[in-house]
Amino acid sequence: MELMNNDEPTLDTLSMWLQDQQDGVQTPEHRELTRHINECPSCSQRIAALKRVDQVSADLVSTEVAVQKKDTTWLDDLMANLVFETLAGRSIPLSAEYDVDNFSITEGAILAAIRGVADSMENLIIGRCRLVGDVEEPTSPIIVQVSATVRYGAVIAEVTDRLRELITAEVHRVCELNIEAIDIEVQDIFGSPLEAGE
Amino acid sequence: MTSTHLVIGPGSGEDAEDSAELSPLRQAILATEGVARIYPPANVPSKIVRAVGVAASSVRAVIEDFLPSAEEDAVAHRSVAVAENDEGSSEIRDEKILDSASSEVTSISVRIGTTAQANVPQTVRAVAQALRKIHGEHVAVTVDVVHI
Ligand SMILES: [Zn+2]
């Protein structure tokens, strides 16, 4: 019954759990998985991300039904990165007043925070998100690399500037990394009316 | 001289009966501004988990007492773990914890999740301060933020 570390639920399982949760399912298996999710940072971050994916796709379905079927590369990209980003990853040190203390935050928690602020933006969906550099070394220069898909009609420079502001503020809130640059690569446009008109 | 390491886990929930010694520490951590929750320990030494026969995920407290100059392997003089569903014997075990914990705790570690608006570096420092109020200036505190 007990879910061990080497027996992590798959994304599919988590996705089904989310569906069951919304349907009010109350089986022992569901409760067991609920308990695991509540105690597992990776799984709860995955559930949070899956909920946001649901939300974004629901928004798109309601506003741009015709495009939805063709326009899913951003979704594939996001899903492909989800598992990687919600792993705990590297341990990033936080400063302490006492030498004997040992404070840290996981790379996965930072990436989840960055994804969280990016998801608050309506005109952009981020795909990949990485911290490049020696994050385990306190003063080492770090580059945040993000790939993004921008909504058709939005001004790309405005959207990416806003994303940069939000990421800067969020990284400062959650850790003490020395961010040298935030590289945003716009890979695609979603919600194009050209496709919708076909 | 022996050293005692306390690993704080989430406990068994708000209204369940809890370990007498660890619950004030838990409460102090949870009362710290910016802390949303406590996560179970990640790397409970497998040796100890095997010794007490419980799954790592259900261990909520492990205390190891090491002899002074013992080799790393010569280990766990006394190791105590409290399993969540182990109602029958948990009180006796808790007394042992109380015994060793109140005398000579040298380090405490905990994994936490923080709230959506919290300043994370400030929050972890505040957690360490709260634990020092209970166990004194000398105690070494390890805080790992695993969820935001
Ligand atoms: Zn998990």
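The values are calculated or read from the model by the stated rules, or taken from the named source; none is laboratory data. Note that the structure is predicted; figures quoted are calculated from it, not measured. Positions of Cβ are backbone-derived with ideal geometry, glycine not excepted, and every protein chain shown enters the neighbour counts.
Every listed requirement among (1) surrounded by 21 or more Cβ atoms within 10 Å (Cβ to Cβ); (2) at pLDDT 95 or above is met by B:Gln129 save one, (1). Within the stretch A:14-37, the residues that satisfy the criterion of being under 24 Å from B:Tyr39 (Cβ atoms) and either within 10 Å of the ligand (Cβ to nearest atom) or among the small types (Gly, Ala, Ser) (or both) are A:Leu14, A:Ser15, A:Leu33, A:His36, A:Ile37.
Residues in the stretch A:41-59: is at least one over 19 Å from the mean Cα position of the chain (by Cα), modelled with pLDDT under 70 and assigned to a helix (DSSP H, G or I)? Checking the stretch A:41-59: not a single residue is over 19 Å from the mean Cα position of the chain (by Cα), modelled with pLDDT under 70 and assigned to a helix (DSSP H, G or I).
Restricted to the stretch A:140-156, and to residues there that are outside any loop (DSSP other than H, G, I, E, B) and in contact (Cβ under 8 Å) with a residue 40 or more places away in the chain, the residue that is surrounded by the fewest Cβ atoms within 10 Å (Cβ to Cβ) is A:Ile143. Residues that are among the β-branched types (Val, Ile, Thr) and at pLDDT 90 or above number at least 2 in the following strands (runs of 3 or more DSSP E) confined to the stretch A:83-139: A:102-106.
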